[in-house]
Amino acid sequence: MQNKNPKLIEAIDVSKQYRSGEITVDALNSVSLIIKRGEFTAIAGPSGSGKTTLLYMISGLDIPTSGTVVLDGKPASTMSSRELSDFRRDHIGFIFQSYNLIPVLTVRENIEYIMLLQGVTERERRVRVSEILEEVSLGGMENRLPTQLSGGQQQRVAVARAMVSKPDIILADEPTANLDSHTGESLIEMMRQLNERRGMTFVFSTHETMIMERAKRLVLLKDGRIEKDEKRQ
Amino acid sequence: MILLKLAWRNIFRNRRRTLLSGIAIGIGLASLIFTDALMIGMIESMIRSATGTFLGQAQIHAEGFRETFEVENTIHDLENVIRQLNSDTAVKHYAVRAQAFGMMNSPANVSSVIFYGIDPHREKHVSKIDEAIQKGSYLAEETTRHLLIGTGLAETMEVDIDDRVVITTAQVNTGQLSQEMFRIGGIFHLNIKEMDNGVVFMHLGKARSIIGLGNNAHEISVTFHDAGQAGNQTLPFWDRYSQEENEALGWRDLLKELDAVLDLSGFTKYIIALIMFGIVALIILNTLFTSLYERLFEFGVLRAIGTRPSRMASIVLLEALSLAAVSGLFGICIGLIVTYIFSIYGIDYRGIEFAEVTFRELIYPVMTINQYIEYPLWIMLFALVAGLYPALFAARLVPARVLRRSM
């Protein structure tokens with residue numbers, strides 16, 4: 001993505017079907033979506049509408065049953081497992097619903113992990129970890145284990161982990177679902193500020209109205225189809 | 001480095017499971033180390049018992065003597081052989097013997113015996129007859145008419161110290177019967193049934209005289225400065241004394257049964273090791289899979305954030321190696337302690353006969369550096385092999401599938 005392609009990710013007529021016993025479930029149905037640089041997009045919809053599946057598709061974590069996902073101008077279906085891993089490592093930051101930090105690693109090690117995979121020097125890693133921890137207001141907590149942090153603090157570490165490798169896009173799957181409303185609101189506010197200050201691209205799924213309202217673009221999913229795709233201020 | 005750190009810390013996440021697996025693997029390793037040490041000790045003891053009792057570490061005979069025991073078949077050019085032995089730097093001691101079949105008569109009974117003519121002074125250095133005397137005394141220079149007989153034979157013949165017996169044998173070449181009266185000078189107990197029940201020792205000169213051997217002899221028993229030389233097939237000794245229709249044989253050739261047992265013991269050791277390593281591999285496989293299934297989602301996260309499949313596999317393999325290393329260390333410590341204790345106090349198998357050898361001394365397990373390097377390395381190797389399948393499983397995980405479980 002060094003060529004600054006304005007289309008970060010493109011989903012073209014993507015469908016995904018799952019088999020659950022004898023039943024086939026249409027998780028996504030002919031979804032087309034373009035994510036551009038600098039967007040702050042919420043993918044909203046009720047439970048089972050296909051939000052998580054869409055996030056998996058556009059990150060190369062899952063393969064569509066039909067249709068194409070284009071990552072950095074290259075169809076994901078033509079990329080090997082290793083290429084997809086490298087793509088996610090270098091271009092995508094993930095924030096998960098249940099934080100999902102590695103429990104045996106400290107805050108610093110959790111954040112450093114991706115940079116270690118990228119081969120960033122120790123000195124650079126130290127600087128970037130310190131900076132990012134200040135940015136998410138967790139300065140001084142780098143040596144704590146995830147279990148020694150509150151839910152909100154863990155989610156901030158997850159945000160820091162997602163941001164530290166300076167990805168082109170951060171994908172967050174219901175990042176506020178396990179947080180109280182105040183903490184959730186402040187997390188979204190922090191993400192929005194990062195979007196505005198740094199121009200970082202965010203795509204997050206949610207079913208909370210309050211969170212949807214903070215998005216600059218709202219993609220509404222229902223029964224695996226895009227029901228609405230609107231820009232907001 | 002981060003992967004190693006991750007693997008190392010992961011194995012301590014479920015301490016109880018790691019502890020139980022570690023103990024099982026460690027005890028397996030310790031028992032392997034101990035078994036190896038015990039087998040070495042046992043083999044050394046068997047060799048010492050077999051060679052030290054009477055056989056010697058090597059023997060020189062006339063070719064074919066051992067097959068027929070014909071009294072005429074004596075060592076060729078004995079004087080020259082003895083001269084060479086005297087100047088042979090590898091040879092520590094030697095004892096010349098004459099031997100023949102005969103009949104022993106006592107007032108109460110008669111029995112067939114093998115009688116050996118020995119040089120009492122030299123014999124002390126190659127065999128343990130003098131130490132095995134239970135009653136009476138060992139042969140002395142002046143007691144040429146004394147015999148040493150085994151406890152079993154004494155019982156059969158109903159004789160005791162100073163009782164008179166007659167030995168009858170056929171003379172060399174003429175075949176004429178020759179008789180000589182002796183007194184029982186000593187009764188020995190070598191703990192070898194055949195010897196205690198049917199062997200008689202007398203002065204070499206006396207034996208030569210009743211067999212009509214002149215200055216000839218049938219056997220020279222030899223010990224080396226370095227006992228290990230007896231098993232060295234390239235030693236010049238064998239060629240040097242296997243000339244002029246004589247043959248020099250080491251204990252491996254003289255005791256084929258023991259040699260076969262030793263070969264078998266090596267094979268047995270490998271079988272035991274293989275079973276043990278198989279069990280270790282299964283324990284590691286089980287531990288890894290249990291741990292992997294517990295952390296499927298975490299593995300999904302690692303894949304999602306950009307960990308390559310090969311690195312996922314590395315994490316699992318490093319966990320297998322870490323578990324093996326911890327268990328190995330534990331096993332080494334236990335093995336070292338147990339083997340050390342028994343190497344000090346020994347294990348009492350005395351009196352037990354195995355492969356025609358009776359253990360005459362305590363068995364002391366022998367510690368070697370190899371036991372503490374080779375076996376732990378095998379454990380690591382088997383752990384690595386056992387970790388391959390779970391590693392492959394982790395590498396092939398479809399991130400979306402495992403993440404979907406709880407997202």
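The values are calculated or read from the model by the stated rules, or taken from the named source; none is laboratory data. No experiment lies behind these values; they were computed from the predicted model shown. Note that we place each Cβ from the backbone using ideal geometry, even for glycine, and neighbour counts take in every protein chain shown.
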Tally up the residues in region A:213-233 that are part of a strand (DSSP E or B) and either under 18 Å from the mean Cα position of the chain (by Cα) or crowded, with 18+ Cβ neighbours inside 10 Å (or both), please. 6
Are there any pairs with C-beta distances below 6 angstrom linking a residue in region A:120-131 that is touching a residue at least 12 places away in the same chain (Cβ under 8 Å) to a residue that is surrounded by 15 or more Cβ atoms within 10 Å (Cβ to Cβ) and β-branched (Val, Ile, Thr), with the two at least 6 apart or on different chains, and if so which? A:ARG128/A:VAL164; A:VAL129/A:ILE111
Pair list, Cβ < 8 Å and 6+ apart or interchain, from region A:220-233 residues that are modelled with pLDDT of 90 or more to residues that are in a loop (DSSP other than H, G, I, E, B) and surrounded by fewer than 16 Cβ atoms within 10 Å (Cβ to Cβ): A:LYS222/A:PRO46
Any residue that is closer than 29 Å to B:GLY41 by Cβ, more than 14 Å from every other protein chain (Cβ to nearest Cβ), in a loop (DSSP other than H, G, I, E, B) and modelled with pLDDT under 90 - is there at least one of those in region B:362-371? yes
A:THR78 is checked against (1) at pLDDT below 90; (2) out of contact with any strand residue (DSSP E or B) (no Cβ under 9 Å at 6 or more places or on another chain); (3) away from every other protein chain (no Cβ under 13 Å); (4) at negative phi and fails just one. What number does that condition carry? (1)
Can you tell me which residues in region A:159-175 are at the interface with chain B (Cβ under 10 Å from one of its Cβ atoms) and either part of a strand (DSSP E or B) or within 21 Å of A:MET212 (Cβ to Cβ) (or both)? A:ALA162, A:LEU171, A:ASP173, A:GLU174
Count - residues of region B:239-276 that are over 19 Å from the mean Cα position of the chain (by Cα), farther than 30 Å from B:PRO376 by Cβ, touching a residue at least 24 places away in the same chain (Cβ under 8 Å) and assigned to a helix (DSSP H, G or I): 2
Examine region A:163-186 for a residue that is buried (at least 22 other Cβ atoms within 10 Å of the Cβ), under 12 Å from A:GLY93 (Cβ atoms), under 17 Å from the mean Cα position of the chain (by Cα) and basic (Lys, Arg), and state whether such a residue exists. no
Go through B:GLU319, B:GLU294 for me and flag whichever is within 14 Å of chain A (Cβ to nearest Cβ) and at pLDDT 90 or above. B:GLU319
Region B:68-81, residues that are over 18 Å from B:GLY102 (Cα atoms) and within 32 Å of the chain's Cα centre (by Cα): B:ILE75, B:VAL81
Which fully enclosed strands (runs of 3 or more DSSP E) of region B:166-228 have 2 or more residues being closer than 24 Å to B:ILE133 by Cα and under 25 Å from the mean Cα position of the chain (by Cα)? B:219-224
State yes or no: is B:ALA281 away from chain A (no Cβ under 14 Å) and not basic (Lys, Arg)? yes
Against the conditions (1) more than 9 Å from chain B (Cβ to nearest Cβ); (2) under 18 Å from the mean Cα position of the chain (by Cα); (3) assigned to a helix (DSSP H, G or I), where does A:VAL69 fall short? Just the number, please. (3)
Provide a single number: the residues in region B:118-151 that are crowded, with 20+ Cβ neighbours inside 10 Å and within 30 Å of the chain's Cα centre (by Cα). 10
Residue set B:ILE347, B:ILE284, B:ILE279; condition farther than 30 Å from A:SER165 by Cα, surrounded by fewer than 16 Cβ atoms within 10 Å (Cβ to Cβ) and touching a residue at least 60 places away in the same chain (Cβ under 8 Å); output residue B:ILE279
Taking region A:90-104 on its own, how many of its residues are crowded, with 19+ Cβ neighbours inside 10 Å and at the interface with chain B (Cβ under 7 Å from one of its Cβ atoms)? 6
So, in region B:124-137, how many residues would count as being more than 12 Å from B:HIS189 (Cβ to Cβ), touching a Lys or Arg at 6+ places or on another chain (Cβ under 8 Å) and touching a residue at least 24 places away in the same chain (Cβ under 8 Å)? 1
Take the residues in region B:375-407 that are in contact with a helix residue (DSSP H, G or I) (Cβ under 8 Å, 6 or more places away or on another chain) and β-branched (Val, Ile, Thr), then tell me which one is nearest to the other protein chains (Cβ to nearest Cβ). B:VAL402
Has region A:93-100 got any residue that is under 25 Å from A:LYS7 (Cβ atoms) and of a type in the set (Gly, Ala, Ser)? yes
Note: among B:ALA30, B:ALA24, B:ALA7, B:ALA37, just one is assigned to a helix (DSSP H, G or I), within 14 Å of chain A (Cβ to nearest Cβ) and among the small types (Gly, Ala, Ser), namely B:ALA7
Suppose we filter region B:8-55 for residues that are at pLDDT 90 or above and outside the structural domain of B:ARG350 (by TED's automatic domain parsing); how many remain? 0
Is there a residue in region A:54-64 that is more than 12 Å from chain B (Cβ to nearest Cβ), over 16 Å from B:GLY306 (Cβ atoms) and either surrounded by fewer than 17 Cβ atoms within 10 Å (Cβ to Cβ) or polar (S, T, N, Q) (or both)? no
Looking at (1) within 14 Å of another protein chain (Cβ to nearest Cβ); (2) modelled with pLDDT under 90, which is the one condition that is false for B:ILE352? (1)
Scan region A:105-119 for residues that are in contact (Cβ under 8 Å) with a residue 12 or more places away in the chain and surrounded by fewer than 18 Cβ atoms within 10 Å (Cβ to Cβ) and jot them down. A:GLN118
Assuming B:TYR94 fulfils every condition listed in (1) outside any helix (DSSP H, G or I); (2) of a type in the set (Phe, Trp, Tyr); (3) not assigned by TED's automatic domain parsing to the domain that holds B:ASP239 apart from one, which condition is it? (3)
Please count how many residues of region A:111-158 are of a type in the set (Gly, Ala, Ser), closer than 26 Å to A:SER59 by Cβ and more than 14 Å from chain B (Cβ to nearest Cβ). 2
